[in-house]
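The values are calculated or read from the model by the stated rules, or taken from the named source; none is laboratory data. As the structure is a computational prediction, the values presented were derived from the model and not from experiment. Quick reminder, even Gly has a Cβ in these numbers, built from the backbone with ideal geometry, and neighbours come from all protein chains shown.
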Amino acid sequence: MKRVGLALLLMALLMLAAVYRLNHLDEAPPRISLATDPVAEVQRGAYLAKAGNCGGCHSKRGGDPFAGGRAIPTPFGSVFSSNLTPDPVTGIGAWSKDDFWAALHNGRSRDGRLLTPAFPFTNYALMTRADADAIYAYLRSLPAATQPNRPHQLRFPYDTQAAMLLWRALYFRPAVYVDDPQQSPAWNRGAYLTQGLGHCSACHAARNSLGATQGHGDFSGAMLDALGWYAPSLHDKAEASVAAWPKQAIKDWLHNGSNDQASALGPMSEVILGSTSHLADADLDAMAVYLQSLPQHSVAPEVPMRRPELKLREQGKQLFADHCAACHGENGEGIKGAYPALAGNRLVTMNSPANLLRIVQRGGFAPATEGVPRPFGMPPFAGLLDDPQMAALASYLRNAWGNQASDVRPLDVLHLKAQRID
């Protein structure tokens, strides 16, 4: 028995050592002694902070920019973003460049505390040290805002450092992005922006039960349950693949929030407003090159076509005529440059009706960008249509004018309405 006990103790110690080792990979910050123009460094950092959409999470509505406090809902509870202004007590005023690099590259705060992966350090780990230093210089140039960080509201055991240790041992390996020599400079720049700084997989990658993804290059689509939106697959032509789009159309969409093919709505509208609409043309071109190169395959699970609810669709047809046809056309053809066509619209016919229902409920509003400063919007119908009516309207839209998709039931609407909205 003593031998068994000693063996188990040895195994436990080895496992603890392995977990410790896996949580301290690549932690020596590379020293950079390049002479930089402080003004140019701050300007470059401001651009990179836009590319990473740092202000999107670290600025709460009505609060000081980058002062944190915004709730980030997750399946495990709410995480609150931190204060990135140079306040020495509540912000990062006392942080060094190495401290900031450790947070981005290793997911470790200045006091040694492990950060939750709701902060996408798994993507930011790909960032170069030079880019991290530039963002640090920009954040240090901001006005200091005294705003204490709000404690996270995570359920046990996800609120423990032990859980973070195990999660990181299983799923996190820090590594700076390395160019693929088989690809062009534009492709590599696009991959760096998309996989790393832009952290697109944070929304567009499916997550397992512990919240881990398959990797930085996985954009197979995921339901954002805490928001009630679906981030569609970038690999699937039936969802959000842009492989068949002209390159200029991709650039227009990322820069303006709309093009002849689609408009950005929901969480993606916020990303374009705060991030991609500010990118230089060369970076937009690089992202377009990379996105068009993604492997193409259907990744969404097939939804069995249930017996058509003809009465539901007939009711939806009348609702469309009463509330939608004036803008979207009697045959769902839309008005170019104003109201999108619904016939052949991928958002309408995706396996998941979540985004269609969310837009009917809450309205559709593209971002107001420099290229499209006054986009057309759609009013919300949540106060006008009840759950059965929304299901009827959605079912009609998904099966009219050649569209083919499963019907939506009132229970589907009720389930979506129960999802938390940030």
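Table for the structure above
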{"read-out": "Selection within segment 353-378 - surrounded by fewer than 19 Cβ atoms within 10 Å (Cβ to Cβ) and under 21 Å from the mean Cα position of the chain (by Cα)", "value": "R362, G363, A368"}
{"read-out": "Long-range neighbours under 6 Å by Cβ, at least six apart or interchain, first residue free of Cβ contacts under 8 Å to residues at least 40 places away in the same chain and small (G, A, S) within segment 81-100, second part of a loop (DSSP other than H, G, I, E, B) and surrounded by fewer than 21 Cβ atoms within 10 Å (Cβ to Cβ)", "value": "S81/R70; A94/P88"}
{"read-out": "Boolean, G196 is farther than 16 Å from A264 by Cα and crowded, with 20+ Cβ neighbours inside 10 Å", "value": "yes"}
{"read-out": "Selected residue [farther than 17 Å from P120 by Cα, in the same structural domain as A118 (by TED's automatic domain parsing), modelled with pLDDT of 90 or more and of a type in the set (D, E, K, R)] from R70, R44", "value": "R44"}
{"read-out": "Segment 295-323 - residue that is of a type in the set (S, T, N, Q) and in a loop (DSSP other than H, G, I, E, B) and, of those, modelled with the lowest pLDDT", "value": "S298"}
{"read-out": "Extreme residue, nearest to D285 (Cα to Cα), among residues of segment 220-262 that are among the charged types (D, E, K, R) and surrounded by fewer than 19 Cβ atoms within 10 Å (Cβ to Cβ)", "value": "K247"}
{"read-out": "Matching residues, segment 319-342, being farther than 28 Å from P373 by Cβ, aliphatic (A, V, I, L, M) and touching a residue at least 40 places away in the same chain (Cβ under 8 Å)", "value": "L319"}
